[in-house]
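Below: one structure, written as structure tokens.
The values are calculated or read from the model by the stated rules, or taken from the named source; none is laboratory data. Because the structure is predicted, anything quoted here is derived from the model rather than measured. Glycine gets a Cβ as well: all are built from the backbone with ideal geometry, and neighbour counts include every protein chain shown.
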Amino acid sequence: MGLEDLYQEIILDHYKKPRHPGRLGGGHVEVRHYNPVCGDELTLGLRLDGDRVAGIAVDGKGCSISLASASVMSDLVLDRQVPDALETADAFRRLMHGEGEPDEELLEDGVAFAGVARYPVRVKCALLGWMAFRDAAARALAGQDGGETIHGEDEDAARAAKAERLPGERY
Amino acid sequence: MTTTTNPPSPGPASRAAGTRVGGDLAARVRADFPLLAREVHGKPLVYLDSASSSQKPTQVLAAMREYYERHNANVHRGVYTVAEEATHLYEAARGKVARFVGASERATVFTKNGTEAINLVAYGWGLRNLREGDEILVTEMEHHANLVPWQLVAKLTGARIRAIPVTDDFLLDLDALDGLLTGRTRIVAVSAMSNVLGTINPVAAVAERAHAVGALVVTDAAQAVPHLGVTFDGLGADFLAFTGHKMLGPMGIGVLAAREDLLDSMEPFLGGGEMIRDVNIESSTFNDIPWRFEAGTPPVGDAVGLGAAVDYLTGLGMDQVRAHEVEVTGYALKRLAEVDGLRVLGPADLEHRGGAVSFTLGEIHPHDVSQVLDEDGIAVRAGDHCAKPLMKRFGVQATTRASFYVYSTTHEVDALVAALDKAKRFFG
């Protein structure tokens, strides 16, 4: 597993040119998520039109994996119905857990992150944007305002990734 | 001990080699560190994370093995021979550690780590003596270990926390100190050397001023003791905390060296066996120091290992250790300055800094930097280094940190610089 497998061209491309950067105008829910371990942070703005994702913007500071993953996410959920977008989010979570084969149809560019599952500390980075989206969607559907969440990680992902990587495997 | 095999206490291979300094030191000692011979991703390991944890020489590992194979028993109670040997080894290790930092053996307490040593002071002294309106003075460059315990105790007592700022030159702002020190100041918590900036703080000068207003000084010497050859009297602090695993010893043991009269006056922090004199159902009387602060079975094997680490460092000579690190750090600062877009967070003057070198590399996140470095077998730290207030002070989320020790070489610095260029090409 080399660097090029982890940092695939698609990832570097999204990192250098995030697809929906910045902040949204009015009429939206905004959430701020951060990962206390490495200091990655992002502000995600989401506007729904009924059940449809009508607008999304990500303003982030962090590593390439977290920023690229958030960019891919923003591209994948825009103009989708929230339940479909959440299904994609779940497919991405499974990809990070190393569960089953990647669903290319659902994940599109997201499959480029398959290699991240082998780097336990980076799984959190890759999930940050997706967790923010889930949070924002739930708040928007419930008619709530935005909020701030420390990304506590999904413990399952960390455990799965650790189990995946036995001592010495990478060496 | 006369009837048993003594644990090995050989000095480093270099001891006989005299007083040459610099790169020679690493060349002479590297063979003592088995882990440094391994490969990572098919490349020789370049271990540049000693500020987090040092590697261990075979002399330390052998002493611990000898302890467990020949002398293992619980301490301070058995009447039988092996238990007496274990007790003797444990107390002998305490003596070595106390002498290494010039502290009183009676006032040298073994803890789990440096963090626990500071918590011992925060709860053992702070919780019982601080009152509402009292002030605890910390620094903006404190490791969370010398900050969070004070926050916890402040919350319980109503004391207030204030901070000595750090200048743009990465030094403690001594001009601000006099304004911050008042009759309300009861504790000054100051790191002897920053784990992030590498800054060596003038603890003695701070202590002198703190004592003038009646405050006690708690110094986090987790970086200073392994690298600088500091002494308890030289620093002038009332409490000195450090940890074994950053100074060639094992993980699981730390040290609090204290002023004897203060420790004598303090109530226990943790309760249990070992720390008591007499126990009734409703109350107990407590043991003498230092055992009053060592509840439960202590980490005897780790203490033996730490004793061996102290022997090893003493064999090298701390002046030689410091001279070597100055040389490698100076070389690193020079080479890192050649990397476009690289910004070192820390003093440029070698006199004011140790071998922990933090930097940012353009807009590339430290996690990405360290991932690329790992691919070349280079181990550095990326993150906030348990010093979030300091990260905020300098407006960064995280830094990459390379840190050096007795076995670090200028070749390793070259490998680091080459890999940083690679990271720039990759993410540029």
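Selection of strands (runs of 3 or more DSSP E) fully inside the stretch A:1-102 by the criterion of at least 1 residues being within 14 Å of chain B (Cβ to nearest Cβ), aromatic (Phe, Trp, Tyr) and under 29 Å from residue B:40 (Cα atoms) returns nothing. Taking the conditions exactly as written (of a type in the set (Lys, Arg) and over 25 Å from residue B:202 (Cβ atoms)), does residue B:381 satisfy them or not? Spelling it out, residue B:381 is indeed of a type in the set (Lys, Arg) and over 25 Å from residue B:202 (Cβ atoms). Scanning the stretch B:94-121 for residues that are hydrophobic (A, V, I, L, M, F, W, C) and touching a strand residue (DSSP E or B) at 6+ places or on another chain (Cβ under 8 Å) returns B:97, B:98, B:101, B:103, B:107, B:109, B:110, B:117, B:118, B:120, B:121.
Would you confirm, using the coordinates I've provided, whether residue B:116 is in contact (Cβ under 8 Å) with a residue 24 or more places away in the chain, touching a Gly at 6+ places or on another chain (Cβ under 7 Å) and more than 30 Å from residue B:383 (Cβ to Cβ)? Against the criterion (in contact (Cβ under 8 Å) with a residue 24 or more places away in the chain, touching a Gly at 6+ places or on another chain (Cβ under 7 Å) and more than 30 Å from residue B:383 (Cβ to Cβ)), residue B:116 does not qualify. Scan the stretch A:5-12 and give yes if some residue there is more than 22 Å from residue A:108 (Cβ to Cβ) and more than 13 Å from the chain's Cα centre (by Cα), otherwise no. Among the residues of the stretch A:5-12, not one is more than 22 Å from residue A:108 (Cβ to Cβ) and more than 13 Å from the chain's Cα centre (by Cα), which makes the answer no. Scanning the stretch B:166-179 for residues that are surrounded by fewer than 17 Cβ atoms within 10 Å (Cβ to Cβ) and touching a Lys or Arg at 6+ places or on another chain (Cβ under 8 Å) returns a single hit, B:178. Just one of the listed residues (B:418, B:398, B:423) is aliphatic (A, V, I, L, M) and surrounded by fewer than 18 Cβ atoms within 10 Å (Cβ to Cβ), and it is B:418. In the stretch B:319-428, counting only helices (runs of 4 or more DSSP H) that sit wholly within it, the ones holding 2 or more residues that are within 26 Å of residue B:148 (Cβ to Cβ) and within 14 Å of chain A (Cβ to nearest Cβ) span B:366-375, B:388-393. Listed by position, the strands (runs of 3 or more DSSP E) contained in the stretch B:142-244 that have at least 1 residues being of a type in the set (Ser, Thr, Tyr) and either without any contact (Cβ under 8 Å) to a residue 24 or more places away in the chain or within 30 Å of residue B:402 (Cβ to Cβ) (or both) are B:185-191, B:216-220, B:239-243.
Here is a yes/no grid of residues against (1) of a type outside the set (Asp, Glu); (2) over 15 Å from the mean Cα position of the chain (by Cα); (3) surrounded by fewer than 20 Cβ atoms within 10 Å (Cβ to Cβ); (4) on the phi > 0 side of the Ramachandran plot:
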site	(1), (2), (3), (4)
A:46	yes, no, no, no
A:56	yes, no, no, no
A:79	no, yes, yes, yes
A:87	no, no, yes, no
A:114	yes, no, yes, no
A:125	yes, no, no, no
A:132	yes, no, no, no
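Checked against the criteria, residue A:158 counts as more than 14 Å from chain B (Cβ to nearest Cβ), surrounded by fewer than 19 Cβ atoms within 10 Å (Cβ to Cβ) and at pLDDT below 90.
Give me a count of the residues in the stretch A:20-29 that are in contact with a Ser or Thr (Cβ under 9 Å, 6 or more places away or on another chain) and buried (at least 19 other Cβ atoms within 10 Å of the Cβ). Matching residues across the stretch A:20-29 total 1.
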